[in-house]
1. If Asp375 passes every condition in (1) open to solvent by 60 Å² or more (accessible area, probe 1.4 Å); (2) of a type in the set (D, E, K, R); (3) modelled with pLDDT under 80; (4) part of a loop (DSSP other than H, G, I, E, B) but one, which one does it miss?
2. Filter segment 464-511 down to the residues that are of a type in the set (S, T, N, Q), in contact (Cβ under 8 Å) with a residue 12 or more places away in the chain and more than 16 Å from Pro532 (Cα to Cα) and list them by number.
3. Just give me the residues in segment 493-507 being outside any helix (DSSP H, G or I) and of a type in the set (A, V, I, L, M, F, W, C), in sequence order.
4. Looking only at segment 14-24, decide whether some residue is surrounded by 12 or more Cβ atoms within 10 Å (Cβ to Cβ), farther than 20 Å from Phe103 by Cα and at pLDDT 90 or above.
5. Say we look at segment 108-129 and pick out the residues that are open to solvent by less than 30 Å² (accessible area, probe 1.4 Å) and part of a helix (DSSP H, G or I); which of these is nearest to Asp228 (Cα to Cα)?
6. Kindly evaluate Pro490 against the criterion of being outside any helix (DSSP H, G or I), farther than 15 Å from Val440 by Cβ and either open to solvent by less than 70 Å² (accessible area, probe 1.4 Å) or of a type outside the set (Val, Ile, Thr) (or both).
7. Can you tell me how many residues within segment 545-560 are within 15 Å of Trp521 (Cβ to Cβ) and assigned to a helix (DSSP H, G or I)?
8. Inside segment 508-530, can you point out the residues that are in a helix (DSSP H, G or I), among the aliphatic types (A, V, I, L, M) and within 48 Å of the chain's Cα centre (by Cα)?
Amino acid sequence: HIQTGGFWSSRMPSMQVPHKFHYARSSADTHHRDPVYLLLVNHFHEKAYRPLLQYIGGHYEGTSGPPSPSFFRSLLRILMRTREAIKVQTLKVWVEKIQPSFFHVCLNQTPSELRQQDHKVVQDACKYLVGVGEMVDDVDVEEEVQQFQLDLALKYLTCPFLDKRVLGLLDIRSTLLSCIHRDEANSHIRMQQSRGRANQITMDDTDDNDQSVAIESSEMVRWLRNNDIIAILFGDKMHSELLQRCADVLRFMALQGQLTDQDLLFVWNSWVGKHENERQLIMQNLNEICSSLTPGHLNLLLTKISEIPMGDYDVHLLLLLRVVTTAAFHSDTTHASQQRYGLDIMWNMLQDTSPCSPVIRNTALSYFTDSFVSDSNILRDHYVQCCVNNIRAHQSLPTTLHVLHRLISSPRSGGKKQTYTEHYNVECSFTQYSIVDLMVQNIKHFKQQLLRDSGVEACNLMSLIVGPLTVEGHISERLEFLLFVLPSGPADSFTDSHLDILWNLLVVEGVDEESDIMFKWLQRMQQQMLLPPAMTHRIFTTLIPEHVNFARMTPVAYEFFELMFRA
């Protein structure tokens with residue numbers, strides 16, 4: 001009847017409507033000008049006000065039992081729709097009676113009642129309760145409703161039913177995200193004001209400061225602590241469905257400066273003995289909060305990661321190492337400490353002695369080289385020295401060459417793309433390491449050691465697999481690196497002595513496959529104008545006639561001969 005006041009008004013033209021009501025407002029105090037509508041609102045209260053208040057207050061005689069959440073939603077929906085027609089004092093009594101009873105009923109449901117409860121019913125009832133409470137000035141309903149919703153979410157989270165546990169966590173996370181958004185907005189406003197730009201703050205900046213969250217962030221921290229939420233999520237009752245959704249709990253604590261070392265260690269230790277899926281999700285949670293952690297927290301994580309034997313690394317742990325290392329570098333903007341964080345672990349994974357699988361080694365190579373896109377020049381030069389040491393020791397190639405290639409070709413700090421010459425002449429000096437000498441001697445050592453130790457005849461040597469590559473692949477990688485560095489070195493970097501060593505190894509002492517590798521490489525050297533005219537003349541007039549058998553010349557050898565002839 002209340003909702004169809006206009007219908008009744010049209011059928012009761014002779015009804016005498018009083019000017020004042022006991023429960024409803026007068027037509028002068030509300031925009032509802034239809035007197036019949038106000039009469040029906042008042043009539044509802046005259047008939048139902050006291051009985052309903054008694055029922056809500058615990059008098060269940062003659063009823064089917066205590067009120068259910070659905071009952072409260074229905075009653076609050078009526079009050080919400082008619083709130084502007086009800087006197088404020090009457091609304092205040094409704095709110096004061098309904099609120100504690102509604103909270104009590106919901107928070108004291110049995111497990112079977114909880115399982116059958118439609119969560120939307122409770123959400124709607126809360127929304128209506130807040131809407132009715134807005135009409136009463138001296139009653140603060142919103143914060144109490146949000147506190148109730150958190151307590152109900154906790155009840156869901158600790159119940160035995162997974163779907164309810166997920167609902168509870170989602171409600172908690174929603175509140176936390178609103179707090180984070182509000183704090184970020186407030187921080188932005190304070191920053192604008194400190195810069196004297198308060199007049200530039202827009203409506204989007206304020207947006208009522210996300211007033212949908214009445215609970216202060218400090219109160220949320222206390223609530224999370226008092227109810228051991230982290231222990232619930234990462235303790236004995238953890239579940240993969242919850243782990244997929246709980247990173248924001250840790251992030252909120254970190255942003256508030258309330259995530260302790262004990263919290264971090266508890267999360268870290270929670271993956272021990274768990275299934276791979278749960279281990280992966282725990283690592284993912286740590287990945288997602290790294291950007292919000294303090295340098296101390298990041299160092300703690302790096303310490304725990306470094307304690308794991310290298311052979312036990314999987315792609316998820318390696319990803320965590322990379323994310324923690326990146327976050328640590330970003331937090332250490334001056335690089336004054338010159339710490340290398342997790343880079344040393346990744347570097348060690350790339351060595352020949354590493355027990356890591358090929359997949360982990362390749363992934364570590366990608367992560368390691370990507371770390372030098374814009375990081376400290378000091379650290380870059382440290383690993384350049386490490387690469388040079390590996391070349392001298394004839395170990396961990398060709399991986400070391402891939403790293404060195406990336407180190408000297410990626411952009412330097414400050415965003416300027418530096419050339420190889422600028423890097424070595426200014427910072428390391430091209431001649432300081434005698435890089436061409438090192439590479440030529442490395443090729444010589446590599447082949448001589450294979451002939452000595454492999455027990456394979458020279459004619460079958462090129463197809464022998466050494467590490468990740470064949471012998472042919474190893475030689476090609478080394479020559480390719482020389483072709484990369486020579487264009488930026490001094491004009492006389494590649495000498496006749498270097499040429500003679502490579503020519504003797506690959507042409508004079510080598511089989512056709514080795515000779516073809518050398519000829520292809522010299523062709524590219526000539527095409528890039530890296531061979532001095534005198535050296536080109538010597539190759540054509542002396543080396544080719546003395547050492548190339550024209551009667552059994554391969555197509556590659558002939559192509560090289562023709563190029564030298566035209567040159």
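1. (1)
2. Within segment 464-511, Ser476 is the sole residue that qualifies.
3. Hit for segment 493-507 is Phe494, nothing else.
4. Checked against the condition, which is being surrounded by 12 or more Cβ atoms within 10 Å (Cβ to Cβ), farther than 20 Å from Phe103 by Cα and at pLDDT 90 or above, segment 14-24 yields no hits at all.
5. Across segment 108-129, the extreme among qualifying residues is Leu114.
6. Yes.
7. Here the count works out to 4.
8. At the first step, the residues of segment 508-530 found to be in a helix (DSSP H, G or I) are 508, 512-527.
Checking which are among the aliphatic types (A, V, I, L, M) leaves us with 508, 517-518, 522, 525.
Matches in segment 508-530: Ile517, Met518, Leu522, Met525.
The values are calculated or read from the model by the stated rules, or taken from the named source; none is laboratory data. Keep in mind the model is a prediction, meaning the values are calculated, not measured. As a convention, Cβ positions derive from the backbone with ideal geometry for all residues, glycine included, and neighbour counts pool all protein chains shown. Calculation scope for accessible area: heavy atoms of the full protein, side chains included, ligands and nucleic acids excluded. Shrake-Rupley method; radii C 1.70, N 1.55, O 1.52, S 1.80 Å.
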